Amino acid sequence: MRKLIVLLLLFVFVVPVLAQSEEVAHIRVAHFSVDAPTVDIYIDGMIEVEGMDFPVVSEWIEIPAGTHSIAIAPAGAPAEEAVIGPVNVDFAAESWLTVAAIGLAGNDTLGAQVLEENYTDLNAAEARLSVFHGILGVNLVNVIANDTTLIGGLGYPGAFGEESDGFQSVDVVVNTYNIEIQLEDGTTAVEVGSLKLGENRNYFIAMVGTAANPQFVVMTSDITELMGGGEAAEEITAEDLGEGQLWTQIGRASCRER
């Protein structure tokens with residue numbers, strides 16, 4: 001009887017610990033610093049992504065939930081020579097965090113911005129548009145789709161204090177949208193062009209580069225497939241994109257100009 005009680009106690013206290021240890025989070029890294037060199041990404045001192053160039057976005061990496069050390073170092077350099085970090089980031093269970101290298105190496109504004117992405121289910125016939133303002137020196141911008149303001153007053157990280165991350169999402173009805181990012185005076189800063197938004201998909205658009213040479217990155221993910229363990233990002237086809245210049249992820253730490 002005593003042995004049975006001991007076994008029951010072990011089950012009560014050990015099994016929850018094991019279950020907790022299986023909780024996972026997700027991270028990807030974005031190289032959005034136009035003048036920074038090719039970099040390697042370290043997580044907890046171990047290299048996870050190698051040879052990232054501007055403006056590449058890595059694949060999602062699954063890690064145990066909890067606090068992890070993130071460091072970004074020049075390609076081939078050890079973590080001790082990181083140009084960003086090491087910085088401790090807390091990853092909640094089932095969170096999806098993009099760590100973006102932003103700023104300019106040339107004027108010592110290089111840093112990292114953590115973006116908490118939303119991959120919760122969408123309503124029927126809806127898509128999610130997630131926009132990041134990553135151009136240092138550009139004031140507030142508005143995201144316009146088919147002549148309607150979807151996101152207004154989006155600033156570079158820190159524009160509204162330390163808590164502002166320059167990132168905002170909005171759910172929209174599935175449709176083809178002509179998307180542009182405008183300055184407050186109505187001048188077009190970035191013209192994404194015609195983008196076909198599909199049902200239950202997330203479209204991550206990052207405004208990158210410099211004020212003199214603005215660029216953009218578009219990543220698309222099927223939310224249902226992603227949450228079920230499928231591929232996190234897919235190449236956007238010409239049918240999905242329409243006209244315009246685009247950088248898309250093709251595979252791990254690689255990109256292509258369309």
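The table for this structure:
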{"item": "About the Cα centre, charge dipole magnitude for the stretch 78-189 (Lys/Arg +1, Asp/Glu -1 at Cβ), debye", "result": "260"}
{"item": "Residues with amide H under 5 Å from that of Ala189, placed H, sequence gap 5 or more", "result": "Ile181, Gln182, Leu183"}
{"item": "Cα principal axis extents for the stretch 129-219, largest first, Å", "result": "34, 26, 21"}
{"item": "The stretch 58-70 - phi-based ³J(HN,Hα) in whole Hz, Karplus 6.51/-1.76/1.60, Gly and Pro as x", "result": "6, 5, 5, 10, 8, 9, x, 4, x, 8, 10, 8, 10"}
{"item": "Förster radius 51 Å - calculated FRET efficiency between Ala212 and Val173 (Cβ-Cβ, nearest 0.05)", "result": "0.90"}
{"item": "Cα-based shape type of the stretch 69-150, given that a ≥ b ≥ c are square roots of the gyration tensor eigenvalues and the cut on a/c is 1.5", "result": "oblate"}
{"item": "Phi-based couplings in Hz for the stretch 77-85 (Karplus 6.51, -1.76, 1.60; Gly and Pro marked x)", "result": "8, x, 4, 5, 9, 4, 8, 10, x"}
{"item": "Cα gyration tensor shape of the stretch 34-83, rounded if a/c is under 1.5, else prolate or oblate by comparing a/b with b/c", "result": "oblate"}
{"item": "Rounded if a/c under 1.5, otherwise prolate or oblate - the stretch 117-160, Cα gyration tensor axes", "result": "oblate"}
{"item": "³J(HN,Hα), Karplus 6.51/-1.76/1.60, whole Hz, each residue of the stretch 200-212, x for Gly, Pro", "result": "6, 10, 9, 10, 9, 10, 10, 8, 10, x, 10, 4, 7"}
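Values quoted throughout were computed directly from the atomic coordinates according to the rules given, and no laboratory measurement underlies them. Nothing here was measured: the structure is a model prediction, and the numbers come from that model. Glycine also receives a Cβ, built like all others from the backbone with ideal geometry; neighbour counts cover every protein chain displayed.
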